[in-house]
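See structure below.
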Amino acid sequence: VVHNLTWEISYQYKYLDCYKKLSVAINGMTPGPEISAAEGDTIIVNVINNLLMENVAIHWHGIRQIGSQWSDGTDGVTQCATMPGDTFTYQFVVDKAGTYMYHSHYGMQREAGLYGMIKVSPRAGESEPFTYDGEHSIVLSDWYHSSPYEQATNLTSIPYQWIGEPQSLLINGRGKYDCANLDATVCNATNPECLRSNFTVSPGLTYRLRIASLTSLSALSFQIEGHNMTVVEADGNYVAPFATQNLYIYSGETYSVLITANQSSSRNYWITTNVVSRKPATPVGSAILNYIPNHSGDDPSTIPPPGPLWNDTESRKAQSASIKAEKDHIQSPPSTSDKTILLLNTQNTFQGRTVWSLNNVSHSLPDTPYLIALKKNWTDVFDQAPAPESYDQGYDIYSVANNTNAISSTSIYRLTFNSTVDVILQNANTMTKNDSETHPWHLHGHDFWVLGYGDDKFNLSTDGQKFNLVNPIMKNTVPLHPYGWTALRFRADNPGVWIFHCHIEPHFLLGMTVLFESGSEMVADPPQQNMGCGKTKSLIMQQPSSVSP
Ligand SMILES: O=C1O[C@H]([C@@H](O)CO)C(O)=C1O
């Protein structure tokens, strides 16, 4: 089956949290339309950029793009962003059942509202390791009243100006900012656009909730008053089921949970989401679990569940560690790896600016997309010296970052095609005393095995012995917890060049990115629609069709 979609991208005034703000919409909607398909289907999306003054690129998060590398949608890596008035056609196969998402991958544009969910059901005749009577999709995001332009300018200025905490948390694009003392033309508490989202259930039935986090910054907890959730899927992979009252979800992750509507049907129940891992300054986000026959807009008279304490780091780490592969869907990892890359995550100063670095390298994207440069053997596009695979083992992860002399580089990691690579993400103190943050790391083009998490500094000889090689979950996004490490293994079996980055928008902007290349010579030549920036302009000039008379 081929799904042929046409999406017009434009700015719209929205009252997503009752406060009037421009959002980037798809066919008028934020979040954009859900893509619903079956395993093996082809998705074609014609993206028309009607933004007037701004480029666009859309990434299909969790879709590996096997054989369709040019559709990964990553500005500076697989394409030049699409200019106003132009159309870019993405085409790819959804080859694995599960819950995925799409979003802008151009600067910090995602946080302006360009995102949505991708839902892939199994092939006809194939079943999943759980059953349910109905399903709902839930897109979680955070919302700022300042624009990505103001934020990016502040973040790159001297002195550094941090973006702060979001104004609201949105559930399917709806939140509630406190409009008291604001003019109704600016903030309108009764605008229908900011009515709470509601999810209807029939008493006694079981529902699958597909939950995606597309936050710019916030790590979240998600809970439903009076109902336990059973986690069954993560990032398109089946999870050995476990029950929880609150689901921790980091930006870039998706989960499916099962809930049974087994409470009294005399009323509705609260659904809430709250900020964890950073000291919150954002009100709890809320929606309604609507039990038939109650009215969907009836707020429960109870107090919404407050969620766990923001600084209960131990329970977050425990939940991460409890996510394992479902017993009949274990894909065993290779028992050894060919290479181990240690990545020390630090906040640094570079030329007076505050940046984020990996092994002291703060990454910047070149003007010409990597994949085109690699195909054309252009060696002047990015730094050809290999990116560093390790860091000074004497580094004290508990002290305020003293390595203030990070470098800025476009360098990449070149991996042997089909080799097995371990990546050990190592957290450390930021430039603030007693502060280490949570970073959700997302890999394009692959799923990886999550081999383990630990506290303190990773020790290859002792911690490496404790890797879970029996039933590790595969994911595409994983948290790195404060002062800890996270170990991943992946096979470099997808030809191309793939970005691996912190999914927090400001951290991505400030250099928290690396690139993995392998087998890029096997990728087909770049389509003309991916060109138009940097050195690729010279290629377009060579095409007879674009030579003017
Ligand atoms: O990148 C960041 O900068 C601030 C803080 O470290 C300095 O203001 C913060 O909380 C981040 O996540």
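Kindly list the number of the only condition in (1) within 16 Å of the ligand (Cβ to nearest atom); (2) free of Cβ contacts under 8 Å to residues at least 40 places away in the same chain; (3) of a type in the set (S, T, Y) that fails for T438.
It fails just one condition, (2).
So L220 ticks every box in (1) open to solvent by less than 50 Å² (accessible area, probe 1.4 Å); (2) assigned to a helix (DSSP H, G or I) but one. Which box is left unticked?
Among (1) open to solvent by less than 50 Å² (accessible area, probe 1.4 Å); (2) assigned to a helix (DSSP H, G or I), L220 violates only (2).
Would you mention how many residues in the stretch 480-516 are among the acidic types (D, E) and surrounded by fewer than 24 Cβ atoms within 10 Å (Cβ to Cβ)?
So the answer is 1.
Does A261 satisfy the condition of being within 25 Å of S168 (Cβ to Cβ) and in contact with a strand residue (DSSP E or B) (Cβ under 8 Å, 6 or more places away or on another chain)?
Against the criterion (within 25 Å of S168 (Cβ to Cβ) and in contact with a strand residue (DSSP E or B) (Cβ under 8 Å, 6 or more places away or on another chain)), A261 does not qualify.
Report, by residue number, each residue of the stretch 356-393 that is open to solvent by 60 Å² or more (accessible area, probe 1.4 Å), over 17 Å from F516 (Cβ atoms) and not basic (K, R).
Listed by number, the residues that qualify are D367, N377, T379, D380, D392, Q393.
Given the structure, is L155 in contact (Cβ under 8 Å) with a residue 60 or more places away in the chain and more than 16 Å from the ligand (Cβ to nearest atom)?
no
For (1) more than 30 Å from D525 (Cα to Cα); (2) in contact (Cβ under 8 Å) with a residue 40 or more places away in the chain, each residue gets a yes or a no:
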| position | (1), (2) |
| --- | --- |
| P305 | yes, yes |
| T313 | yes, yes |
| Q319 | yes, yes |
| S335 | yes, yes |
| L343 | yes, yes |
| T349 | yes, yes |
| H363 | no, yes |
| P366 | no, yes |
| Q384 | no, no |
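Could you please give the count of residues in the stretch 275-299 that are open to solvent by 10 Å² or more (accessible area, probe 1.4 Å) and either more than 16 Å from the ligand (Cβ to nearest atom) or more than 21 Å from C179 (Cβ to Cβ) (or both)?
14
If you check V523 against the conditions, is it among the aliphatic types (A, V, I, L, M), touching a Lys or Arg at 6+ places or on another chain (Cβ under 7 Å), at pLDDT 95 or above and open to solvent by less than 30 Å² (accessible area, probe 1.4 Å)?
yes
Working only within the stretch 395-428, note down all residues that are within 16 Å of the ligand (Cβ to nearest atom), open to solvent by less than 20 Å² (accessible area, probe 1.4 Å) and either of a type in the set (D, E) or within 18 Å of Y160 (Cα to Cα) (or both).
A401, A406
Are any of the residues in the stretch 196-212 assigned to a loop (DSSP other than H, G, I, E, B) and within 16 Å of the ligand (Cβ to nearest atom)?
Checking the stretch 196-212: not a single residue is assigned to a loop (DSSP other than H, G, I, E, B) and within 16 Å of the ligand (Cβ to nearest atom).
Determine which member of the set G173, G73 is out of contact with any Phe, Trp or Tyr (no Cβ under 8 Å at 6 or more places or on another chain) and on the phi > 0 side of the Ramachandran plot.
Answer to the selection: G173.
Taking the stretch 187-196 as the region of interest, how many residues are surrounded by fewer than 21 Cβ atoms within 10 Å (Cβ to Cβ) and either under 30 Å from S127 (Cβ atoms) or touching a strand residue (DSSP E or B) at 6+ places or on another chain (Cβ under 7 Å) (or both)?
Qualifying residue count, the stretch 187-196: 3.
Quick grid of which residues meet (1) within 16 Å of the ligand (Cβ to nearest atom); (2) of a type in the set (A, V, I, L, M, F, W, C):
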position	(1), (2)
Q347	yes, no
Q351	no, no
N360	no, no
L365	no, yes
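Kindly provide the set of residues from the stretch 468-527 that are hydroxyl-bearing (S, T, Y), more than 16 Å from the ligand (Cβ to nearest atom) and closer than 21 Å to F458 by Cβ, ordered by number.
Correct list: T477, T486.
The values are calculated or read from the model by the stated rules, or taken from the named source; none is laboratory data. Model, not experiment: these values are computed from the prediction. Cβ atoms come from the backbone with ideal geometry, glycine included; neighbour counts cover every protein chain shown. The area values use the complete protein model at the heavy-atom level, side chains included, leaving out ligands, DNA and RNA. Shrake-Rupley method; radii C 1.70, N 1.55, O 1.52, S 1.80 Å.
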